[in-house]
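Let me begin by presenting the structure, written as structure tokens, before commenting on it.
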Amino acid sequence: MPKQRLITAKRVVVKLGSNVITAKNSLNLEVIESISNQISTLMDKGIEVILVSSGAMAAGLRRMEMERRPDEIPKRQAISAIGQSGVMNAYEKSFAGCDKKVAQILLTAEDLNNRKRYLNARNTLNTLIDWKVVPIVNENDTIMVEEIKLGDNDNLAAMITLLMDADFLFILTDIDGLYNKDPRQFCDAALIPRVTSFKKEIEEFASEIPGTLGTGGMLSKIQAARKVTSAGIPMIVARGDTPNMLLHLFDGEAHGTYFVPKKEKMASRKCWIAYTLAPKGSIVIDDGAVRAVRQNGKSLLPIGVVSVEGDFEEGAAVSFKTLTNEIIGTGLVNYRSFDINLIKGLKTSQIEACLGGKHYDEIIHRNNLVLNDCC
């Protein structure tokens, strides 16, 4: 297990799933108190902790004396709104017993897609950490619609890990880690203690282990691991209701599944481009441009562009792909789609004559470009 990485970790993100902190459509206050005590112990050792927590739906159902989640989205949003205060109240009481304060942060994908709001969120979280306050993050389900939905709290936890340049991500769930089959159904299921690459069989194992209360099963945890490890950040999936699990992990004990990170850590801005922004369109590039950006680390120039898909403005996130439709990366464009259509295939010296002016030589500058197979 990654003992050395844990010894040197100064900032970590801990994600708690619905199945860990709920029991029979009610909050499991014993587990919440245990997790709060563990986080407090880590903080007393000088480790900064950001908590991503589910549980609002279960708490809302209990308050409204409902046995199952409603099917209608407005009712689900209302239940989450009712339950969120209950979740925060439980954490506030538990952390108060450890002489710690908490703060609630509710986010949507729209908050993280906008660079200014993204940086504002980071500044707020950094201020709370400086004040020794525990940030408790969740998706803003009350106003969530498909266009601004983050997906699930595993994805949110990965995004927060990248946003805050954390040293480690812990996802605490209701099973011991990633298995080769669902251990709740098969007694011969074997735990996979270490994942070094995301082969097809890993996703196949994960897809067969669904969640129950939450929106994300094991597959969403694999997707979160792919994001953070690609950025050079390690992740562990472990059982969250095991007493003192976090402390055991920090003591170097082997528990759960360890996802090994890439050696080089990605810059924060490139993490934002690669894993937070939703592409607004795509650009098809020729083989020469593929070689230039992939092998030689070059910017994407107009001469390599074959076609443009979608309608987007200057500064938008856009994926770029090969002639065979393989998406190879994402970047921020210097020109709107209409103008790219006009200058595609041209040399940089021809841009000004075509558009009546030229602000940039590049369609996407290499500093604003991230490759899928290199990130």
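The values are calculated or read from the model by the stated rules, or taken from the named source; none is laboratory data. Values in this document were obtained by computation on a predicted structure and should not be read as measured data. Every residue, glycine among them, receives a Cβ derived from its backbone with ideal geometry; neighbour counts consider all protein chains shown.
Yes or no: the stretch 281-298 includes at least one residue that is of a type in the set (Lys, Arg) and touching a Phe, Trp or Tyr at 6+ places or on another chain (Cβ under 7 Å).
no
Failed condition for Thr276, given (1) touching a strand residue (DSSP E or B) at 6+ places or on another chain (Cβ under 7 Å); (2) closer than 15 Å to Asn113 by Cα, with all others met?
In the conditions (1) touching a strand residue (DSSP E or B) at 6+ places or on another chain (Cβ under 7 Å); (2) closer than 15 Å to Asn113 by Cα, Thr276 misses (1) alone.
Conditions (1) of a type in the set (Ser, Thr, Tyr); (2) farther than 14 Å from Pro279 by Cα; (3) at pLDDT 95 or above, marked per residue:
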{"position": "Gly329", "(1), (2), (3)": "no, no, no"}
{"position": "Asp339", "(1), (2), (3)": "no, yes, yes"}
{"position": "Lys344", "(1), (2), (3)": "no, yes, yes"}
{"position": "Thr348", "(1), (2), (3)": "yes, yes, no"}
{"position": "His365", "(1), (2), (3)": "no, yes, no"}
{"position": "Asn372", "(1), (2), (3)": "no, no, no"}
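Of all residues being charged (D, E, K, R) and outside any helix (DSSP H, G or I) in the stretch 189-223, which is modelled with the lowest pLDDT? Just the residue, please.
Glu208
Per-residue answers, yes or no, for (1) free of Cβ contacts under 8 Å to residues at least 40 places away in the same chain; (2) within 21 Å of the chain's Cα centre (by Cα); (3) within 22 Å of Thr161 (Cβ to Cβ):
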residue: Glu48; (1), (2), (3): no, yes, yes
residue: Glu65; (1), (2), (3): yes, no, no
residue: Gly97; (1), (2), (3): no, no, no
residue: Leu106; (1), (2), (3): yes, yes, yes
residue: Asn120; (1), (2), (3): yes, yes, yes
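Check off (1) in a strand (DSSP E or B); (2) touching a helix residue (DSSP H, G or I) at 6+ places or on another chain (Cβ under 6 Å) for Pro261 and give me the number that stays unchecked.
Of (1) in a strand (DSSP E or B); (2) touching a helix residue (DSSP H, G or I) at 6+ places or on another chain (Cβ under 6 Å), only one is false for Pro261: (1).
Looking at the stretch 244-270 only, could you name the residues that are closer than 16 Å to Thr161 by Cβ, modelled with pLDDT of 90 or more and either touching a Pro at 6+ places or on another chain (Cβ under 8 Å) or surrounded by fewer than 21 Cβ atoms within 10 Å (Cβ to Cβ) (or both)?
Tyr258, Phe259, Val260, Pro261
For the stretch 74-125, which positions are out of contact with any helix residue (DSSP H, G or I) (no Cβ under 9 Å at 6 or more places or on another chain) and of a type in the set (Asp, Glu)?
Result: Glu92, single match.
Checking Leu346 against (1) in a loop (DSSP other than H, G, I, E, B); (2) among the aliphatic types (A, V, I, L, M); (3) within 32 Å of the chain's Cα centre (by Cα), which test does it fail?
The failed condition is (3).
Can you confirm whether Lys93 is surrounded by fewer than 20 Cβ atoms within 10 Å (Cβ to Cβ), basic (Lys, Arg), in a helix (DSSP H, G or I) and modelled with pLDDT under 85?
Against the criterion (surrounded by fewer than 20 Cβ atoms within 10 Å (Cβ to Cβ), basic (Lys, Arg), in a helix (DSSP H, G or I) and modelled with pLDDT under 85), Lys93 does not qualify.
Tell me which residues, restricted to the stretch 316-337, are buried (at least 22 other Cβ atoms within 10 Å of the Cβ), assigned to a loop (DSSP other than H, G, I, E, B) and not hydroxyl-bearing (Ser, Thr, Tyr).
Within the stretch 316-337, just Val333 meets the criteria.
Inspect the stretch 107-121 for any residue being outside any helix (DSSP H, G or I) and aliphatic (A, V, I, L, M) and give the result as yes or no.
Yes: one or more hits.
Taking Ser36 as meeting all but one of (1) touching a strand residue (DSSP E or B) at 6+ places or on another chain (Cβ under 9 Å); (2) of a type in the set (Gly, Ala, Ser); (3) surrounded by fewer than 15 Cβ atoms within 10 Å (Cβ to Cβ), write down the number of the exception.
For Ser36, the exception is condition (3).
Yes or no, residue by residue, for (1) at negative phi; (2) at pLDDT below 95; (3) in a helix (DSSP H, G or I):
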site	(1), (2), (3)
Ala225	yes, yes, yes
Ile236	yes, no, no
Thr242	yes, yes, no
Leu277	yes, yes, no
Val306	yes, no, no
Glu314	yes, yes, no
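Regarding Ile175, is this residue part of a helix (DSSP H, G or I), modelled with pLDDT under 90, of a type outside the set (D, E, K, R) and touching a strand residue (DSSP E or B) at 6+ places or on another chain (Cβ under 9 Å)?
For Ile175, the condition - part of a helix (DSSP H, G or I), modelled with pLDDT under 90, of a type outside the set (D, E, K, R) and touching a strand residue (DSSP E or B) at 6+ places or on another chain (Cβ under 9 Å) - is not met.
Taking only the stretch 349-367 into account, find how many residues are part of a helix (DSSP H, G or I), free of Cβ contacts under 8 Å to residues at least 24 places away in the same chain and either among the hydrophobic types (A, V, I, L, M, F, W, C) or on the phi > 0 side of the Ramachandran plot (or both).
Final tally of qualifying residues: 3.
Could you please give the count of residues in the stretch 2-31 that are assigned to a loop (DSSP other than H, G, I, E, B) and surrounded by fewer than 16 Cβ atoms within 10 Å (Cβ to Cβ)?
Final tally of qualifying residues: 4.
Could you tell me whether the stretch 17-27 includes any residue that is at pLDDT 95 or above and either among the charged types (D, E, K, R) or in contact with a Phe, Trp or Tyr (Cβ under 9 Å, 6 or more places away or on another chain) (or both)?
No, because not a single residue in the stretch 17-27 is at pLDDT 95 or above and either among the charged types (D, E, K, R) or in contact with a Phe, Trp or Tyr (Cβ under 9 Å, 6 or more places away or on another chain) (or both).
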